[in-house]
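The values are calculated or read from the model by the stated rules, or taken from the named source; none is laboratory data. Only a predicted model underlies this, so the values are computations on that prediction, with no experimental measurement involved. Backbone-built Cβ (ideal geometry, glycine too); neighbour counts: all protein chains shown. Side chains are part of the model used for accessible areas, which takes the heavy atoms of the whole protein and leaves out ligands, DNA and RNA. Shrake-Rupley method; radii C 1.70, N 1.55, O 1.52, S 1.80 Å.
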Amino acid sequence: MTLPAYVRIAVALPVAATFTYRIPEHLSFLAEPGMRALVPFGQRRVTGYILGESPEMDADSVKFILDILDESPLFPASMISFFEWISDYYFYPLGLVIQSALPSGLTRKDVARYNLTPAGRSLADDFLPVLQQTVLRLLEDKPRTCKDMTGSAGTRIPPSLLLSMEKNGWIEKIRQVKIETTRRRQELYVFPSGEIETASLTRSQKRILETIRSYGGMPVRELNRKIPSASRKLPAMKEAGWIQVCTQTLYRDPFGETVQPDHPPELTAEQQSVVCAVELAMGKGYKPFLLKGVTGSGKTEVYLQLSDRMIQKGRSVLVLVPEIALISQIERCFRARFGECVAVLHSGLSAGERFDQWDRILRRLTPIVIGTRSAIFAPVEHLGLIVVDEEHDTSYKQDSGLHYHARDIALVRAKMEGAVALLGSATPSIQSYHHVLTQKFHGLTLSRRIEDRPLPETLVVDLRLLRDQRGVWKLITPQLHEAMKQTLARGEQVLLFLNRRGFASFPVCASCGEVIRCKNCSISLTLHQKDQAYRCHYCGFSRTSVTCCTACGSARIKLLGMGTEKIEAAVKSLFPEATVARMDRDTVAPKGSLLKMLKDLRNRTTDILIGTQMVAKGHDFPYITLVGIICADISFNFPDFRSSERMFQLLLQVSGRAGRGESPGQVILQTYNPEHFIIAAATRQDYASFYEKEIQFREKLKYPPFSRLIQIKLSGKDEEKTRDHALKLGEICKSLKKIQAWHAVEILGPIESYLPRIARYYRWQILLKSPRTALLRRMARELITTYRKDIHHPQVTVAFDVDPIFML
């Protein structure tokens, strides 16, 4: 495809508009939509993304593209409208949307470095201000960027200072293009050239040729490993026509161990009904479904069967899961069924592995793509089915940069591609279930577990009756302890759930009562006993565990609160013979540790698993028959209208890990609020009664799904300037509402965030709420465009979060 002389380009910079560039004649046959181009932008050279044809303009005012950076498009042209929709809906620059979608390391840009001039080197700097002396000393050994100098100096180096020194002739600015860090991996291969007369070969040449023939061809690197002298003899053998040497693309393998092929099991009547209903919709345009299936009802098998039918129709499948922890399990299921035609995309891959998977998808080698939220941007063509598993999970929401929700834009992409969208969950979001009741979605149900296995029975333990208990018995009640003993005696596995990591979450000085806090955040530190350190779970700040109180200097620190580390220590003291594993963010951080943990559970070498919410999401542990919820009240009373929904979903999901195999399951739920409607509904596994109670609350207070929200987030390192700018922006919002008579928009705030300070940044927020979506968006767009200069502040960051999930 040859593009006309003028093309529309989105640059990878925080600018809302797209720009027109001219294609030089020598590049005209190379440029296609979806490719990257190096373009001049002001005084810089940056990466731009070719979007397509642009109307002709005055040739003198249009700059030329400098270079085309790709041999083929990085994404299909059909995805451009998808990116444009995301840019418009989330108020985010189109070039940055595309940059966020692509694998990392693919952006070229100018980097400004500063170098000493001869005048600067010979300058006697005694008379200069200290900061200028610092700059001169830092540049003595090598050119540096402004950011490098700021880091080395330990204080901010203002660009204005560097400009004045440049004007004085002491330093010079050098602009260099920083090239991409991720590329295709190429490797040299050698192949035999057919039948040849071996009599003329030397002994070493015969050995080389026999080795190559035994493999049918092999990497030169591998041949050199087997025959160290081979590389010296290959040129002559190639010249004689005995071998062929060529370069091939080598894909880095992101998968772990190989999996054994499986065969589709016979579906239950409910599964068959669901598969038939979705299959009837295939090839007939966009249709959204919500599959509400109890835990262990076989939703994954439904996904597998539907994927098989879609592939047979020549269409592709995209499967989203909320977290990397679930990728291993579902990827194994799909690879066992479909073999090599499965690709994976998630942040746990190296940059090279992710690029290779992206490349395989582009080359249409993998009609099935599995991944976390970012996989919604996979360059899949002929998309026929998008599956969003555990659709209720908040991990689908990106909370920085581009604040998109993968579930929501999955529905948009399915609509644009005329595909079927299938959302699945045992505990659907209130919003999705409401869409079923209002007939925006088509509802499907799996009400029974496979093989008619019973749902686990739940025993509620009232912790108020055990307040006088001490030590481990305050964590592991007698009822839970007895159930654990019986479960382990039967050779079965136990899962203990506590949604808090670390050892003690609230360390307090026993002398003066001061809380041991993070110096960068408005939060207490958590003791991590294994690391012998207090750590902040927000910014990573740490202090040694032998620290003293910062207020009075006392070393007497009382370790209040609990976490998975404390539960682990208690369990090991009660069951010294049992093999105990802990699954939380601390233990799964090393690469491969999560896979090993899951493998040990499958192989039954782990007796007791202790974990945070990681263990609650979609895992299939057939030998776990007892789930102990250590304290169900941790998520109560958060200042977030969705906190009840999240708590109910979490309790129901973790309860569903019990009894998924042949043996029945049991749940011991420990709580200080046994009468709470969430506890009662979770105990009965009664989603309908919870929904009825929750939807009344939402409707009364006009929260989603009865309204839409846009959250304006402000953050800055200066407390006073951040507060003042938030108050100023609040007044702008109120005056705009009054001027335009937008009475249907409710403005909440400005107010300090629940956590006022994180990582040294003070945080404020304003919430815009309205039942009229178009009006709400019009107000937000008016703020962003008309009041752009008022919103901008050099020391305060302002971000618009459309459909926010995290309100803290």
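Principal axis extents of the Cα atoms in the range 284-416, from largest to smallest and rounded to whole angstrom, are 33, 31, 30. Shape analysis of the range 401-477 places it in the prolate category; the axes a ≥ b ≥ c from the Cα gyration tensor give an a/c of at least 1.5, with a/b above b/c. Which of the residue pairs 292/397; 415/440; 292/700; 142/519; 397/737 have a Cα-Cα distance greater than 23 Å in the structure shown? Check vs 23 Å cut-off fails for 292/700; 142/519; 397/737. A dipole drawn for the chain from +1 and -1 charges on Cβ atoms has a positive end, and of 776, 669, 548 the residue lying farthest that way is 548. Distance between the modelled labels on residue 381 and residue 677, one decimal in nanometres: 5.2 nm (7 Å Cα→Cβ projection).
For the pair residue 620 and residue 77, a Förster radius of 41 Å applied to the C-beta separation gives a FRET efficiency near 0.55, rounded to the nearest 0.05. Positive contributions from Lys and Arg (+1) and negative ones from Asp and Glu (-1), summed over other residues with Cβ under 9 Å from the Cβ of residue 708, come out at +2.
Packing, as the average of other Cβ atoms within 10 Å across residues, places the peptides 555-567, 784-796 in the order 555-567, 784-796, highest first. Residues of the range 634-663 with an amide N closer than 13 Å to a point placed 7 Å from the Cα of residue 686 along the Cα-to-Cβ direction: none.
Accessible area per residue (1.4 Å probe, heavy atoms of protein chains only) ranks 435, 382, 442 as 382, 442, 435, with the largest value leading.
Entry comment: accessible area of the chain is 46 Å² per residue, from protein heavy atoms only and a probe of 1.4 Å. When both the range 424-458 and the range 602-666 are represented by their alpha-carbon centers, they are found 17 Å apart.
Its residues counted as N, the chain yields a C-alpha radius of gyration over 2.2 N^0.38 Å of 1.08. Centroid-to-centroid, using Cα positions, the range 537-551 and the range 115-173 are 36 Å apart.
For the chain, 146, 246, 276, 333, 341, 539, 548, 631, 733 stand unpaired, since no other cysteine beta carbon lies under 4.7 Å from theirs. Estimated at the nearest 10 Å², the accessible area of residue 568 is 30 Å² with a 1.4 Å probe.
For the range 669-808, rounded, prolate or oblate, judged on the Cα gyration tensor with a ≥ b ≥ c (square roots of eigenvalues), a/c < 1.5 rounded, else prolate if a/b > b/c? Taking the square roots of the gyration eigenvalues as a ≥ b ≥ c, the range 669-808 is oblate. Summarising the label geometry, the points placed 7 Å from Cα in the beta-carbon direction at residue 751 and residue 739 lie 2.7 nm from one another. Ordered by 1.4 Å accessible area with all protein chains kept, 806, 64, 91 run largest first as 64, 806, 91. Using the Cα gyration tensor of the range 489-529, with a ≥ b ≥ c the square roots of its eigenvalues, what is the shape: rounded (a/c below 1.5), prolate (a/b larger than b/c) or oblate (neither)? Note, shape of the range 489-529 comes out prolate.
For the chain, the antiparallel share of DSSP beta bridges with both residues in that region comes to about 60%. Dividing the convex hull volume of the alpha carbon atoms of the range 563-646 by its residue count gives 125 Å³ per residue. Estimated from helices alone, the mean residue ellipticity of the chain at 222 nm is -9500 deg cm²/dmol (sum of -39500 (n - 2.57) over DSSP H runs with n ≥ 4, per residue). What a 1.4 Å probe finds exposed on the range 63-105 is 53% carbon and sulfur by accessible area, rounded to a whole percent. A probe of 1.4 angstrom, applied to the heavy atoms of all protein chains, finds residue 63 with accessible area near 90 square angstrom. Note on residue 364 and residue 262: their simple-model spin labels are 3.0 nm apart, each label 7 Å out from Cα toward Cβ. Sorting the segments 762-769, 650-657 by their residues' average number of neighbouring beta-carbon atoms within 10 angstrom, most packed first, yields 650-657, 762-769. Neighbours of residue 531, meaning other residues whose beta-carbon lies under 12 angstrom from its beta-carbon, give a summed charge of +2 when Lys and Arg score +1 and Asp and Glu score -1.
Length gained on full extension, residue 773 to residue 210: 195.6 nm, using 0.36 nm per residue less the C-alpha separation. The length gained by stretching the chain between residue 759 and residue 111 to full extension, at 0.36 nm per residue less their Cα-Cα distance, is 230.6 nm. In terms of accessible area, using a 1.4 Å probe and ignoring ligands and nucleic acids, 743, 676, 346 rank largest first as 743, 676, 346.
With a Förster radius of 45 Å applied to the C-beta separation of residue 231 and residue 531, the computed FRET efficiency comes to 0.40. For the range 202-248, what is the convex hull (Cα atoms) projected area averaged across all directions, in square nanometres? So the mean shadow area of the Cα hull is 3.1 nm². Find the percent of Cα-Cα distances in the range 31-135 that exceed 17 Å, and round it to a whole number. Taking all Cα-Cα pairs of the range 31-135, the fraction more than 17 Å apart is 66 percent. Highest mean packing comes first when the peptides 426-432, 385-391 are listed by Cβ atoms within 10 Å, giving 385-391, 426-432. Between residue 600 and residue 168, the contour length at 0.36 nm per residue exceeds the Cα-Cα span by 148.9 nm. The distance separating the Cα centre of the range 1-64 from that of the range 681-724 comes to 43 Å. According to the Kirkwood relation over distinct C-alpha pairs, the hydrodynamic radius of the range 434-533 is 18.9 Å.
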